[in-house]
There are 2 protein chains.
Amino acid sequence: MRLTTKGRYAVTAMLDLAFHSDTKPVTLTDIAARQTISLSYLEQLFSRLRRANMVKGIRGPGGGYTLADTADKINIADIIAAVDEPLDATKCGGEANCQKEQACLTHDLWMGLSEQIKDYLKGITLAQLLEKHHVQSVAKRQDQEAEQVIEIHRHTELLASLNE
Amino acid sequence: MRLTTKGRYAVTAMLDLAFHSDTKPVTLTDIAARQTISLSYLEQLFSRLRRANMVKGIRGPGGGYTLADTADKINIADIIAAVDEPLDATKCGGEANCQKEQACLTHDLWMGLSEQIKDYLKGITLAQLLEKHHVQSVAKRQDQEAEQVIEIHRHTELLASLNE
DNA sequence: TTTAAAGTTGACTATTTTGCTAGGTTAAGT
DNA sequence: ACTTAACCTAGCAAAATAGTCAACTTTAAA
């Protein structure tokens, strides 16, 4: 499991898609504008995502992309795996020349670590991230409202003190 | 927290170093030979690791590298952070033009994810990986011994049956 | 005290990946 | 027909990756 900007772009785009796909398909042009990712790069990414059955492409006017499944069934690990190269995995080519030294055991350790991260990301779905997103934005708005209340309160206090 | 081959090389090399640093310093030449990483590339990586105070370089004959601390105090996240670029972090440059859309919230989500992975890797030390390594090799040896026992058992059974 | 082994350092090169541009073709709606 | 948007292909510049080479320090041994 590699974690690079490419995977981040893919996850970002999929999040945007999930967030905006209530009724109509979402065009890559829209995603490109909102997330400031170039259209052509998005096309590359979605070409892979489509072939991995993560999204569906709908052609023609009114077309665009939709999620191939509900947001709670799409996990982050799969998105990243879809856009990344197949990951040549072993430097030691599978089996042969490897066990003569303990050289490749460290390699196994890394792979194990990588698998753990993969499992971790497999447990996180788009739906969960959207939920978190929602919670955050609500929290932010509540903070802003709270600040406004405080501001008004101070304002009235100030007025009150002037009237004494 | 990025996960690339560069970080993997660094962790692999550090594991090798930890594994072989009982008494003498370990030369990069040895690590290069064991882990099939080019000496010069190792030099680059260890240059960064040294500046990050992860290892100590000892010059002259009989020199080499040692861990700057005990293996149970060196975690994976720090190793990877040491060899990676400082990670420009935000595409949106800190604060300014970002909150007008919800564009950067997905970015925040990714950063949060990245932080979680970082925390996860911070909790894993070289010592733990070596332990796992040890357990695995012991398990492997035990498996082999077990197979030999079974083999011998079958063999004696065969001999016994022939004697009937 | 030379000398040479062992390590450090920096500059330099080749390859791969990344992100993007430009140009099309194909399918579907108006 | 015309437009819209997916889809495909080729290429390209910048960056990261992986490695090379040569100059320079330190220090143990001669």
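In the stretch B:26-51, the residues that are within 14 Å of chain A (Cβ to nearest Cβ) form Cβ pairs under 8 Å with partners that are surrounded by fewer than 18 Cβ atoms within 10 Å (Cβ to Cβ) and acidic (Asp, Glu), at six or more places apart or across chains, as follows: B:34/A:101.
Quick grid of which residues meet (1) near DNA strand C (Cβ under 9 Å from one of its atoms); (2) more than 16 Å from residue B:79 (Cα to Cα):
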{"residue": "B:22", "(1), (2)": "no, yes"}
{"residue": "B:26", "(1), (2)": "yes, yes"}
{"residue": "B:31", "(1), (2)": "no, yes"}
{"residue": "B:35", "(1), (2)": "no, yes"}
{"residue": "B:38", "(1), (2)": "no, yes"}
{"residue": "B:42", "(1), (2)": "yes, no"}
{"residue": "B:49", "(1), (2)": "no, no"}
{"residue": "B:52", "(1), (2)": "no, no"}
{"residue": "B:56", "(1), (2)": "yes, no"}
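Just to be sure I understand the filter: pairs with C-beta atoms under 9 Å, separated by 6 or more residues or on different chains, first member in the stretch B:1-13 and within 14 Å of residue B:77 (Cβ to Cβ), second member within 6 Å of DNA strand D (Cβ to nearest atom). Which pairs pass? Once the first residue is within 14 Å of residue B:77 (Cβ to Cβ) and sits in the stretch B:1-13, its partners that are within 6 Å of DNA strand D (Cβ to nearest atom) give B:2/B:85. Exactly one residue out of B:80, B:76 is within 12 Å of another protein chain (Cβ to nearest Cβ), more than 14 Å from DNA strand D (Cβ to nearest atom) and under 27 Å from residue A:115 (Cβ atoms): that is B:76. Filtering the stretch A:2-21 to residues that are at the interface with chain B (Cβ under 7 Å from one of its Cβ atoms), assigned to a helix (DSSP H, G or I) and β-branched (Val, Ile, Thr) leaves A:11, A:12.
Could you run through the stretch B:55-76 and say how many residues are assigned to a loop (DSSP other than H, G, I, E, B) and crowded, with 18+ Cβ neighbours inside 10 Å?
Going residue by residue through the stretch B:55-76, those that are assigned to a loop (DSSP other than H, G, I, E, B) are B:59-63, B:68-70, B:74.
Checking the rest, the ones that are also crowded, with 18+ Cβ neighbours inside 10 Å come to B:74.
So the count comes out to 1.
Looking across the stretch A:52-69, the residues that are touching an Asp or Glu at 6+ places or on another chain (Cβ under 9 Å) and either among the hydroxyl-bearing types (Ser, Thr, Tyr) or without any contact (Cβ under 8 Å) to a residue 40 or more places away in the chain (or both) come down to A:52, A:53. The set of residues in the stretch A:21-54 being open to solvent by 30 Å² or more (accessible area, probe 1.4 Å), more than 12 Å from DNA strand D (Cβ to nearest atom), within 23 Å of residue B:111 (Cα to Cα) and not hydroxyl-bearing (Ser, Thr, Tyr) consists of A:34 alone.
The values are calculated or read from the model by the stated rules, or taken from the named source; none is laboratory data. The structure displayed is predicted, hence computed values, not measured ones. Every residue, glycine among them, receives a Cβ derived from its backbone with ideal geometry; neighbour counts consider all protein chains shown. Just the protein is used for accessible areas: all its heavy atoms, side chains included, with ligands, DNA and RNA removed. Shrake-Rupley method; radii C 1.70, N 1.55, O 1.52, S 1.80 Å.
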